[in-house]
Structures are given as C-alpha cells and as structure tokens.
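The values are calculated or read from the model by the stated rules, or taken from the named source; none is laboratory data. Keep in mind that what you see is a predicted model, and the values were worked out from it rather than measured. Please note: Cβ atoms are built from the backbone with ideal geometry, for glycine as well, and neighbour counts cover all protein chains shown. Ligands, DNA and RNA are stripped out before the accessible areas are found, and what is left, the full protein with its side chains, is counted by its heavy atoms. Shrake-Rupley method; radii C 1.70, N 1.55, O 1.52, S 1.80 Å.
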Amino acid sequence: MTVPNLTLNDGHTIPQLGFGVFKVDPAETERAVSAALEAGYRHIDTAAVYRNEAGVGRAIAASGIPRDELFITTKLWNSEQGAATSRGAIETSLETLGLDYVNLYLIHWPRPDLDRYVETFQQLEQFKAEGLTRSIGVSNFHQPHLERILAETDTVPAVNQIELHPAFAQRALREFGEPRGILTEAWGPLGQGKYDLFGEKAVADAAAAHGVTPAQVVIRWHLQQGIIVFPKSSTPARIAENFDVFGFELTADEVAAIDALDRGQRVGADPDTAIF
Ligand SMILES: NC(=O)c1ccc[n+]([C@@H]2O[C@H](COP(=O)([O-])OP(=O)(O)OC[C@H]3O[C@@H](n4cnc5c(N)ncnc54)[C@H](OP(=O)(O)O)[C@@H]3O)[C@@H](O)[C@H]2O)c1
C-alpha cells in the first residue's frame, strides 16, 4: 500500500492521501491521530481553529516517527490575518503542535471583506523564508482571490484547499490552478456526510464492482484525478478503511459516472460571503 507523493511548485513533496481532523474532539485527537499514524498515514491536516493541534502534536511525539517522514499542515485563522497578528498565530501553532516547522501553512479563508489576504500571504512568504513552514498556500480562495495573490506577491501558492466532492466538483477552480502550478486539495471529500453520496448509484455500483466500500470509491475518485485528499474519521475502522484504497482502480467509465454527479452543491460556506 503506497501513497503517491505529489511534487509542489516549490519542489517539496506531499503525500496525496492524508488524515483530516476538523471536528475531531480535542480530547479524542491524540487517539485518532495515533490510529491514523498506525494505519500508515503520514500527512495530517489540522488548523488553529480546530483547537486540536495539541492532540496532533502529542500523537506525533508518541509515534516515534521521524519528523522528516511526516507532512503536517495547519492554517491561519481569519481573525489573525494581517501583518500585526500572523506571526503570533504561526508561532502559537508551532508551539501547540510541539514542532519547529510545519510542512504547509495556509490562509484558512480569504475573507475578502477584510481585504488583508494579500498582505497576509506576504507574511507567509516571510515565514517560509525563515523556515517556520516549508511551503505556503491558501484555502477557500476563488479565482479573483488567487489572481490577486499571483499579481501582487512573489510566490505561487503551493495549494488551494477547497470544498470538493462529487456533487461539488470545482472543475473551473481546478482548471485555473493546474497550469499555474497550484495543486488542489479537497476538503469535505466525502461531502461531510451531509448528503447521500454513498447511496448514489454511480458510487454504489463501483463499490459493488470492486468489492470495496462507497467511501473507498469516492477517495479513489479524488486520487485518480490528482487531487490531494484527507478524509476525516473518528472511527478507527474507518480510518484504516479510508487508507486502504490502493488495491483497486476505477475505470474511466466509473470516474465519468461519478463526475456526472456534479450539481454545484456546496455543503459548506461560500468563501465570497463567509464572515466567521
Ligand atoms: N479548509 C477548510 O476550510 C476546511 C473545511 C472543512 C474541512 N477541512 C479539512 O478537510 C478534512 C476532511 O473534511 P471533513 O472532515 O470536513 O469531511 P469529510 O472527510 O468529507 O467527512 C467526514 C465525515 O464522514 C464520515 N466518514 C469518514 N469515513 C467514513 C467511511 N469510511 N464510511 C462512512 N462514513 C465515513 C465521518 O464520520 P466519523 O468521524 O463518525 O467516522 C464524518 O462524519 C477535515 O478534517 C479538515 O482537515 C478544511
């Protein structure tokens, strides 16, 4: 079982499959991340606002896995955007994680109403130069937000982490990022369980054909399109199941049938108007 590594535009590599910890209870996070590391995951996606970086850090420390075999992402929360506050935010995240550096640091949401994301990304450039993070990127950025970063800063974001699942496949944003070297990361890759994705015929038929679960089919759909994906689960059996996705391959027809589920249906907030 081998997770492919993708190469970011700055030369660092990222395991294409990871483990996400949004809504993992802080008290449960060490246990869940330890289960993920035991299952073989080496890429963890957290954020300051999840309030569980400490549990991620404890699981990393307890694992004994060499730091250079792990890929850790965290994110700058909206209230910390800006030159005055962003340094404190990354320093607090590193201290809470118990790490000297993260592999990837993201602006969590653009918050266009604040109009501070360009200045904030310039701060991230500085953090990268100082070695506090290996790579920098953005999350929930729409094309106009990316265009401003490309025009007004010196660094192409390594990734854009966006809501992405079969009912909300984000083709236009993926096609904007790809030629510019911005890899797409999917959040809510399983639709956060907010619609009956696993009951969709295209997903259920592929699962039956390959003798796998619907969740495994959806994770393969992401992987086969070059998307970086980190499903969340608090359930050890599902944590292992979601990692066991390298023993089969969807056919082109199966991928196309799942592609046809796209109906522009968000399950989360719209980045243009989100003000949390
Ligand atoms: N940048 C952003 O703004 C943003 C926003 C949201 C998420 N994220 C990141 O993306 C990661 C993944 O997204 P997400 O956590 O929102 O949603 P998700 O991974 O699409 O869905 C998680 C839900 O699916 C269930 N599930 C997981 N594996 C399953 C399986 N094999 N069979 C059946 N159900 C399964 C989980 O239940 P159990 O836990 O009960 O097993 C949980 O309810 C997050 O953890 C976070 O790291 C980022």
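Observations
- The chain - percent of accessible surface contributed by carbon and sulfur, probe 1.4 Å: 50 percent
- Over segment 27-87, equivalent-ellipsoid semi-axes from the Cα gyration tensor in Å: 25, 13, 9
- Solvent-accessible area of residue 227 with every protein chain in place, 1.4 Å probe, in Å² to the nearest 10: 0 Å²
- List 75, 128, ordered by accessible area with a 1.4 Å probe, largest first: 128, 75
- Surface accessible to a 1.4 Å probe, per residue, for the residues of segment 1-159, Å²: 40 Å²
- Sequence of 74, 155, 13 from largest to smallest accessible area, 1.4 Å probe: 13, 155, 74
- Per residue accessible area in Å² of segment 196-276, where ligands, DNA and RNA are left out and the probe is 1.4 Å: 45 Å²
- In order along segment 15-23, the phi-based Karplus estimate (6.51 cos²θ - 1.76 cosθ + 1.60, θ = phi - 60°) of 3J(HN,Hα) comes to x, 5, 10, x, 10, x, 10, 4, 6 Hz; Gly and Pro are listed as x.
- Around the amide H of residue 13, modelled in the peptide plane, lie the amide H atoms of 8, all under 5 Å away and 5 or more residues distant in sequence or on another chain.
- Proximal charge balance of residue 87 [Cβ under 11 Å; K/R count +1, D/E count -1]: -3
- Whole-Å distance, taken between Cα centres, linking segment 212-233 and segment 1-36: 13 Å
- A P(r) calculated from all alpha carbon pairs of the chain, with 10 Å bins opening at zero, reads 7, 31, 37, 21, 4, 0 percent.
- Between residue 136 and 105, 158, the built amide H atoms are under 5 Å apart, and every one of these is 5 or more places off in sequence or on another chain.
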